[in-house]
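What follows is a short report on a single structure.
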Amino acid sequence: MIMEKLSLDGTVTLITGGGTGLGREMVRALARAGSDIILAARRELPIRETAEEVRKLGRKSMHYVVDITDPRQVQNMADMAQKEFGRVDVLINNAALLGAPVTPIWDMTDQEWEYGISANLTGAFYCVRALAKQMVDRGWGRIINVASQYGFRGGRNMFTYTCGKGGMVQLTRTLALSLGPMGVTCNTVAPAFIP
């Protein structure tokens, strides 16, 4: 009976950064629970391989190469997902820039700051903006933003990663207050370091 309550049969999940690491494990679990999966990331090979894994589990899966820091690419991805699947029920914003510079603030360039914040925060905003309205229109949706413990406690010279993930926590809180009354729940997952 509990597995029936946890079933995701008939749902469509879009996950960014789902080709490797934590994202790939989330994809596997979601597919086993019955969700069809749309994978989105910058690198094609990992998401193509993961999409094939999902299909072997009997679920429908597509992959899109997209740079989430580009709002036009994100909107195109959302439009393609709508065309292929008819809707997105669950959005998981998992993509992040893990190789962000760890440097004293006086050595950080404007470009490093802007790209780090864009990859770790603004991309999630673009994805939610592109997909939330169709969830609200149906009165049901789930948005899960992957932050980090660094988003709560900071980290020495890790400016773009910690500020981006801290912003992700606040984005989620604001989304929860704004969209929750319309049937769209928004939550943050904030793991510690995963080797």
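The values are calculated or read from the model by the stated rules, or taken from the named source; none is laboratory data. Quantities reported herein were computed from a predicted structural model and do not represent experimental measurements. Glycine gets a Cβ as well: all are built from the backbone with ideal geometry, and neighbour counts include every protein chain shown.
Beta carbons closer than 6 Å, at least 6 apart along the sequence or on distinct chains, pair a first residue in the stretch 31-57 that is farther than 11 Å from Leu14 by Cβ and touching a residue at least 24 places away in the same chain (Cβ under 8 Å) with a second that is of a type outside the set (Gly, Ala, Ser) and assigned to a loop (DSSP other than H, G, I, E, B) for Ala31/Leu57; Ala31/Arg59; Ala33/Leu8; Gly34/Leu8; Gly34/Asp9; Arg42/Asp67; Pro46/Thr20. Evaluating Ile144 against the criteria (1) surrounded by 20 or more Cβ atoms within 10 Å (Cβ to Cβ); (2) touching a strand residue (DSSP E or B) at 6+ places or on another chain (Cβ under 9 Å); (3) within 19 Å of Thr188 (Cα to Cα) leaves one unmet condition, (1). Taken over the stretch 98-121, the criterion of being surrounded by fewer than 18 Cβ atoms within 10 Å (Cβ to Cβ) and of a type in the set (Ser, Thr, Tyr) is satisfied by Thr103, Thr109, Tyr115.
Looking only at the stretch 97-105, decide whether some residue is over 27 Å from Arg138 (Cα atoms) and either at pLDDT 95 or above or in contact with a Cys (Cβ under 7 Å, 6 or more places away or on another chain) (or both). Scanning the stretch 97-105, I find at least one residue that is over 27 Å from Arg138 (Cα atoms) and either at pLDDT 95 or above or in contact with a Cys (Cβ under 7 Å, 6 or more places away or on another chain) (or both), so the answer is yes.
Quick check on this structure: which one of Tyr115, Tyr161 is hydroxyl-bearing (Ser, Thr, Tyr), under 28 Å from Arg28 (Cβ atoms) and in contact (Cβ under 8 Å) with a residue 12 or more places away in the chain? Result of the check over Tyr115, Tyr161: Tyr161.
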